[in-house]
Amino acid sequence: YSIIDENGADVTAQYTVSERLGTLFVLPVPVTIATGSAQKQYDGLPLSSNVWQHTSGELLKGHTLKAACITSETEVGDHENLADVRIYDEKGEDVTQLYEIIIEPGILAVQPLVLHVSTGSASKEYDGTPVSNEDWKIIYGALVEGENIKAVSFPQRTNAGESKNEM
């Protein structure tokens, strides 16, 4: 700025100016992407879904949105389906920083595989020594190829009474 007198002369040097300056903001353009959901039962293979939709927010003229879902899950549970979103101008330059990218994630749900296991029973009259039975088998369901089940331990019972034969 300059301070000019009535004759058009610059008299800025004649003043000490205390400034309280405002702030200029340029806010990024909000753009929302919703990703798809998928589900399956655990099979040892990854679950993913590259389904997405631009649900709100306008791109500037000449800008192009590219997105790819990046989540791939094998483990049981519900997992957010996240996406990598980029916006390019007409020259192919990345201008993503001009936008506020909002992801509304779908859910990738991997449900546990159901197995039913049966263990053997055993009984005897009390004699001060333990009774146990290490027999077991899968009676419903199957393991995924390449995986196996191994009994780690079986309980023993010495005193009179009963307990579950858990493996």
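Observations
- Evaluating E75 against the criteria (1) acidic (D, E); (2) more than 30 Å from I139 (Cβ to Cβ); (3) free of Cβ contacts under 8 Å to residues at least 40 places away in the same chain leaves one unmet condition, (2).
- For segment 10-39, the tally of residues that are part of a loop (DSSP other than H, G, I, E, B) and loosely packed, with under 10 Cβ neighbours inside 10 Å stands at 13.
- Criterion violated by G106 - all others in (1) exposed (fewer than 13 other Cβ atoms within 10 Å of the Cβ); (2) among the small types (G, A, S); (3) in contact (Cβ under 8 Å) with a residue 24 or more places away in the chain satisfied: (1)
- When we screen K150, K164 for residues that are under 30 Å from L45 (Cβ atoms), open to solvent by 90 Å² or more (accessible area, probe 1.4 Å) and basic (K, R), the only hit is K150.
- Segment 115-143, residues that are in contact with a Phe, Trp or Tyr (Cβ under 7 Å, 6 or more places away or on another chain) and surrounded by fewer than 12 Cβ atoms within 10 Å (Cβ to Cβ): H116
- Scanning segment 68-121 for residues that are more than 23 Å from the chain's Cα centre (by Cα) and among the aromatic types (F, W, Y) returns a single hit, Y88.
- Scanning segment 40-99 for residues that are open to solvent by less than 40 Å² (accessible area, probe 1.4 Å), part of a loop (DSSP other than H, G, I, E, B) and aliphatic (A, V, I, L, M) returns a single hit, V95.
The values are calculated or read from the model by the stated rules, or taken from the named source; none is laboratory data. All values derive from a computational prediction rather than experimental measurement. Methodologically, a virtual Cβ is constructed for each residue, glycine included, from the backbone with ideal geometry; neighbour enumeration extends over all protein chains shown. Side chains included, ligands, DNA and RNA excluded: accessible areas come from the protein's heavy atoms. Shrake-Rupley method; radii C 1.70, N 1.55, O 1.52, S 1.80 Å.
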